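Visitor: My questions will all concern the structure given below.
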Amino acid sequence: MQTEILSLLPQEIAEKIPTQPKYRAEQIFEWLHKKNAQSFSEMLNLPKELREELDANFHITMANVIEKQVAESDGTTKFLTTLNGAYAESVLMRYKHGNSVCISTQAGCKMGCKFCASGESGFQRDFSAAEYLAQVYNCAPVKNIVLMGCGEPLDNFDETIRFIELITHPKGANISGRNITVSTCGLVPQIYSLAEKRLQITLAISLHAPTDEIRQSIMPIAKTYPLQELLTACRHYAEKTRRRLTFEYALTKDLNDSPTHAKTLAKLLQGLLCHVNLIPINKTSANFSPTPHRTGETFANILLENKIPTTIRRSLGGEIDAACGQLRSKYA
């Protein structure tokens, strides 16, 4: 069985080709992660015999594009790809400061959040770090990476950590950890484990409600980890890493968008190193309606008055079902 070489660090590649000088492993790593080589035959500074050995024993995971949709309004591009037989969706967003890519970490999702389409077709499998990378390299060059597509990144913890090691490696793509955002619906044990890594990434918590009652009605995970338990983990994470957390909050009409909800949220987050991203909920098959713009502004102003840094985030890609909560593989 061939080894998935895109998931290997330079020292691990060296161990797989022990008869070769160690610098060959770094050359191979650079071809894969800096030059985005699609085959071993492209690696012309390697001896022919080595290229043939690599071709016989390893394979390079690639994101094979099945469908590509481009939003006319903002140029956001959604890719439907296959990764070693599984379908995945990723989204390329274009900004003046550089491109961002949102990638999927699992085929399907186990979490069952009611406002999100990603789990509607069930859970198929975890993606490997190589399959994360293939989605990124399909959209290269990019400046920022967000793990907010299909799946729960911290439910696929080891592959998420391996991906970060690979994508930030100085011999490869060398993307700064500060340009990587990892999203979670609130897996408390994994938040503590992530804190121990002391990575420079941004951790984004899908909060979406200021009370347990509301949160449990839309997010099954909240029944396992109530808000106080989640917020305790978040405070530990901020103290351990000294990194500001982001809280994602999908404003939903008549559910979580009143001034009372805003005041409750402000009290909940008081004193925590954080930033709140308010997102008018995007259309899915679920029967939720986005908060009117003026109501959202009132909500944001209450948070700001209580010294909670807050932004109403611009939604991109809604016309092609590429916005937050809309990703799902219709082929799954």
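Visitor: Take every DSSP beta bridge with both residues inside the chain and express the antiparallel ones as a percent of the total, to the nearest 5.
Guide: Bridges in the chain are about 45 percent antiparallel.
Visitor: Given labels modelled 7 Å from the Cα in the Cβ direction, how far is it in nm from HIS236 to SER217?
Guide: Result for the modelled spin labels: 3.0 nm.
Visitor: What does the net charge come to around THR211 if you take all other residues with beta carbon closer than 15 Å to its beta carbon, with K and R at +1 and D and E at -1?
Guide: -1
Visitor: When you take every Cα atom in region 40-160, what is the radius of gyration, and what is Dmax, the widest Cα pair distance, in Å?
Guide: Answer for region 40-160, Rg first and Dmax second: 16.3, 54 Å.
Visitor: Further question: Sum up the charges of everything whose Cβ sits under 11 Å from the Cβ of LEU6, counting Lys and Arg as +1 and Asp and Glu as -1, but leave LEU6 out.
Guide: After counting each charged neighbour, the total is -1.
Visitor: I'd like the carbon and sulfur percentage of the solvent accessible area for the chain, probe radius 1.4 Å, heavy atoms only, ligands and nucleic acids excluded.
Guide: Summing carbon and sulfur atoms, their accessible area is 48 percent of the total for the chain.
Visitor: Highest first, please rank the peptides 293-301, 104-112, 28-36, 233-241 by the mean number of other Cβ atoms sitting within 10 Å of their residues.
Guide: Top of the packing list down: 104-112, 28-36, 233-241, 293-301.
Visitor: Counting Lys and Arg as +1 and Asp and Glu as -1, what is the net charge of the other residues whose Cβ lies under 12 Å from the Cβ of SER128?
Guide: -3
Visitor: So, one more: What FRET efficiency do you get for GLN38 and LEU273 if R0 is 41 Å and r is their Cβ-Cβ distance, rounded to the nearest 0.05?
Guide: So, using R0 = 41 Å, E works out to roughly 0.45.
Visitor: Let me ask something else about it. Over the C-alpha atoms of region 25-90, what are the Rg and the largest Cα-to-Cα span, Dmax, in Å?
Guide: 15.7, 50
Visitor: Would you mind checking LYS34/LYS240; LYS78/LYS110; LYS114/LYS253; LYS223/LYS267; LYS240/LYS263 for any pair whose Cα atoms are more than 24 angstrom apart?
Guide: Pairs exceeding 24 Å: LYS34/LYS240; LYS240/LYS263.
Visitor: Work out the FRET efficiency for ALA140 and THR264 from their Cβ-Cβ distance, taking R0 = 45 Å, and round it to the nearest 0.05.
Guide: For ALA140 and THR264, the calculated efficiency is 0.60.
Visitor: Using only protein heavy atoms and a 1.4 Å probe, report how much of CYS150 is accessible, in Å² to the nearest 10.
Guide: Approximately 10 Å² of CYS150 is accessible to the 1.4 Å probe.
Visitor: Kindly report the accessible area of the chain per residue (heavy atoms of protein chains, probe 1.4 Å, no ligands, DNA or RNA), in Å².
Guide: I get 45 Å² per residue for the chain.
Visitor: How many nm separate the modelled label positions at ASP55 and LYS22, each set 7 Å beyond the Cα in the direction of the Cβ?
Guide: It works out to 3.0 nm between the two label points.
Visitor: Give me the percent relative contact order of the chain, please, defined on Cα pairs under 8 angstrom at least 6 residues apart.
Guide: Once normalised by length, the contact order is 15 percent.
Visitor: Could you please put ASP212, ASP254 in sequence from largest to smallest accessible area, using a 1.4 Å probe?
Guide: So the residues, ranked largest to smallest area, are ASP254, ASP212.
The values are calculated or read from the model by the stated rules, or taken from the named source; none is laboratory data. Please read all numbers here as calculations on a predicted model, not as lab measurements. Heads up, the Cβs are rebuilt from the backbone with ideal geometry, glycines too, and the neighbour counts pull from every protein chain shown. Areas reflect the complete protein model, heavy atoms only, side chains present, ligands, DNA and RNA absent. Shrake-Rupley method; radii C 1.70, N 1.55, O 1.52, S 1.80 Å.
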